[in-house]
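The block underneath contains the structure these notes are about, expressed in structure tokens.
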Amino acid sequence: MQTAAAAPLRALAHLPGERGLPFIGHAIEFATDPRRLTHRLQKRYGDVFRTSFLGTHAVVLLGEEALELVLRDRDANFSSRLGWGVTLERLFPNGLMLRDFEDHRFHRRIMQAAFKTAALEDYLDRMNARIAEALPAWGEVREFRFYPRLKQLTLDNAASVFLGVELGPEADRLNRAFVDSVEAALAIVRVPIPGLALHRGIVGRQLLVDFLRARIPERRGSDRPDMFSQLCRAVDEEGRSFSDDDVVDHMVFLLMAAHDTVTSALTSTAFYLARHPEWQERLREVSRGLGTELATYDDLNALSLHQQVFEEVLRLHTPVPYIPRRTIREIEFNGHRLPANTHVSVVPDHTHHDARLWSQPWRFDPDRFGPERAEHKRHPFAFVPFGGGAHLCIGKAFAYMLAKIFLHQLVLRYRLHVPATYAYRPEPVPIPKPVDGLPLTLERV
Ligand code: HEM
């Protein structure tokens, strides 16, 4: 990988902002309350400001225009590889987000084959079956910790849908390896000492790599419907396909990109449904109208109210709240000059709470996504939980599909309750998750 050194602090000294504590910078404030930090710095310096984290100096660009500039990236000024590489390069090398421009387009075109409608329909059948198997076993429980149980379900789902592995000891081993590698990506100690997260993650990644590599020849010749087999067979319009190394790197990355994002969003959705029983009833009424627990691909349009609820939660608790890039040449934004190799962050979570774009932005109000109000259409980059431009989440349709069929089965099977005094305070970064596991009461419908 070509390594360009990030712009040093002196190259950014002309920009408004601050360095925070020596070496640590704003890292602690960011980890504990990133929204408060962003708000404080915005109030003091405006929509473009400099900040520092553990020796990395970055420029934060706020607002929908900044999101459009960076994500649409008409002039190919921003590298995703150099932005995300800081955290993801070691454990998730060569994933789609770690590729730029022509190389990225080449890989994305081939990968698209695994996300076509026919492939999604197959995934849907398998996911429906997994959910229908898991939900009845949850039972009528008073202190039901929603987050860990949902995580188990989404992990089993991934083993089945992504890897084509049935539940059992092998799926458990792969799930553990996968959880270790994701946790390691954000480990504070960046030295692989046995017993610590980074070492566990490297061992976990190797287990996944060995599992995948050993099965590629068989999967290339199979007609199995799982995502791994789809990637092995994927070809673009010009007949180009992935090498064995590509398949391995893309699969490990896909598992990571798909997992915590969906688990986080559906956990937050369960909380808002428990807090707003009137919304549970509205969804239940639509779901009963379908007349089946197992929604088909063609039923998905009828579940638009479920989508509105999911979107409102993606807005309130954006699973990818910050998106990093690095400038590859000097650019100007709103009168500020950013030199080449500046580490840049845009902040969907901030724009998702902007009172200029959203009425009462801190309120749970899924009707704002309905056809009459359509607040998300006030600007093309007002609502970007899946990013935008060339790196727009390739799993967006998959995520909506999974969310809809899950919520459909959930409301048909259970009423969710949470005490009025309960405060939902998910740990905000890197991906929102409740430290207490989200204790809910489940009542059978
Ligand atoms: C609620 C669920 C999800 C959210 C909020 C989400 C969010 C995002 C965002 C914001 C990006 C763009 C990052 C950037 O521009 O730097 C992205 C990219 C990506 N996502 Fe998702 N994602 C979700 C689910 C999924 C799923 C289910 C999959 C796979 C099945 C997936 C696979 C990917 C991949 C491979 C990329 C890289 C695309 C590229 O670089 O071209 N994501 N996701």
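The values are calculated or read from the model by the stated rules, or taken from the named source; none is laboratory data. Note that the coordinates shown come from a computational prediction; the quantities given were computed from them, not determined experimentally. Using ideal geometry, Cβ is built from the backbone for each residue, glycine included, and neighbour counts are taken over all protein chains shown.
Numbers for the structure displayed
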read-out	value
Entirely in the range 218-295, the helices (runs of 4 or more DSSP H) that have 1 or more residues that are of a type in the set (A, V, I, L, M) and over 25 Å from ASP365 (Cβ atoms)	227-233, 244-275
Qualifying residue in the range 250-268 (condition: out of contact with any Pro (no Cβ under 7 Å at 6 or more places or on another chain) and away from the ligand (no atom under 16 Å from the Cβ))	no
Criterion violated by VAL141 - all others in (1) at pLDDT below 90; (2) surrounded by fewer than 19 Cβ atoms within 10 Å (Cβ to Cβ); (3) within 16 Å of the ligand (Cβ to nearest atom) satisfied	(3)
Odd one out for ARG329, checked against (1) more than 16 Å from the ligand (Cβ to nearest atom); (2) in contact (Cβ under 8 Å) with a residue 40 or more places away in the chain; (3) not in a loop (DSSP other than H, G, I, E, B)	(3)
Out of LYS116, LYS151, sole residue that is of a type in the set (D, E, K, R) and either within 12 Å of the ligand (Cβ to nearest atom) or touching a residue at least 40 places away in the same chain (Cβ under 8 Å) (or both)	LYS151
Residue selected from the range 162-200 under the condition under 22 Å from PRO428 (Cβ atoms) and exposed (fewer than 15 other Cβ atoms within 10 Å of the Cβ), by the criterion farthest from the ligand (Cβ to nearest atom)	VAL189
Only listed residue being within 20 Å of the chain's Cα centre (by Cα) and either within 15 Å of the ligand (Cβ to nearest atom) or closer than 28 Å to PRO148 by Cα (or both), chosen from THR441, THR351, THR421	THR351
Residue, nearest to the ligand (Cβ to nearest atom), within the range 380-418, restricted to residues that are within 25 Å of PRO136 (Cβ to Cβ) and outside any helix (DSSP H, G or I)	LEU416
Candidates PRO324, PRO319, filtered to the one that is outside any loop (DSSP other than H, G, I, E, B) and closer than 18 Å to GLY388 by Cα	PRO324
The range 263-285, residues that are more than 23 Å from TYR123 (Cα to Cα) and touching a Ser or Thr at 6+ places or on another chain (Cβ under 9 Å)	ALA274
Any hit, the range 277-286, residues being out of contact with any strand residue (DSSP E or B) (no Cβ under 8 Å at 6 or more places or on another chain) and within 16 Å of the ligand (Cβ to nearest atom)	no
Selection from the range 29-61 of residues that are part of a loop (DSSP other than H, G, I, E, B), more than 20 Å from the chain's Cα centre (by Cα) and closer than 24 Å to GLU427 by Cβ	LEU54, GLY55
Test result for PRO8, surrounded by fewer than 19 Cβ atoms within 10 Å (Cβ to Cβ), touching a helix residue (DSSP H, G or I) at 6+ places or on another chain (Cβ under 6 Å) and under 16 Å from THR342 (Cα atoms)	no
Residues that are buried (at least 17 other Cβ atoms within 10 Å of the Cβ) and either in a loop (DSSP other than H, G, I, E, B) or within 11 Å of the ligand (Cβ to nearest atom) (or both), drawn from the range 65-82	LEU67, VAL70, LEU71, ASP73, ASN77, PHE78, SER79, SER80, ARG81
When residues of the range 332-348 are limited to those that are more than 19 Å from THR38 (Cα to Cα) and assigned to a loop (DSSP other than H, G, I, E, B), the one farthest from the ligand (Cβ to nearest atom)	GLY335
Qualifying position, being in contact with a helix residue (DSSP H, G or I) (Cβ under 8 Å, 6 or more places away or on another chain) and among the charged types (D, E, K, R), among GLU65, GLU18	GLU18
Top-ranked residue of the range 394-445 - restricted to ones that are closer than 22 Å to VAL182 by Cα and of a type in the set (Val, Ile, Thr), ranked as modelled with the lowest pLDDT	VAL429
Residues (touching a strand residue (DSSP E or B) at 6+ places or on another chain (Cβ under 9 Å) and basic (Lys, Arg)) located in the range 121-150	ARG142, ARG145
Test result for TYR297, over 23 Å from PHE146 (Cβ atoms) and either among the acidic types (Asp, Glu) or surrounded by fewer than 18 Cβ atoms within 10 Å (Cβ to Cβ) (or both)	yes
Residue satisfying condition, being surrounded by fewer than 17 Cβ atoms within 10 Å (Cβ to Cβ) and within 17 Å of TYR322 (Cβ to Cβ), within set ASP349, ASP354	ASP354
Considering residues of the range 83-104 that are within 19 Å of GLY388 (Cβ to Cβ) and more than 9 Å from the ligand (Cβ to nearest atom) only, the residue surrounded by the most Cβ atoms within 10 Å (Cβ to Cβ)	ASP100
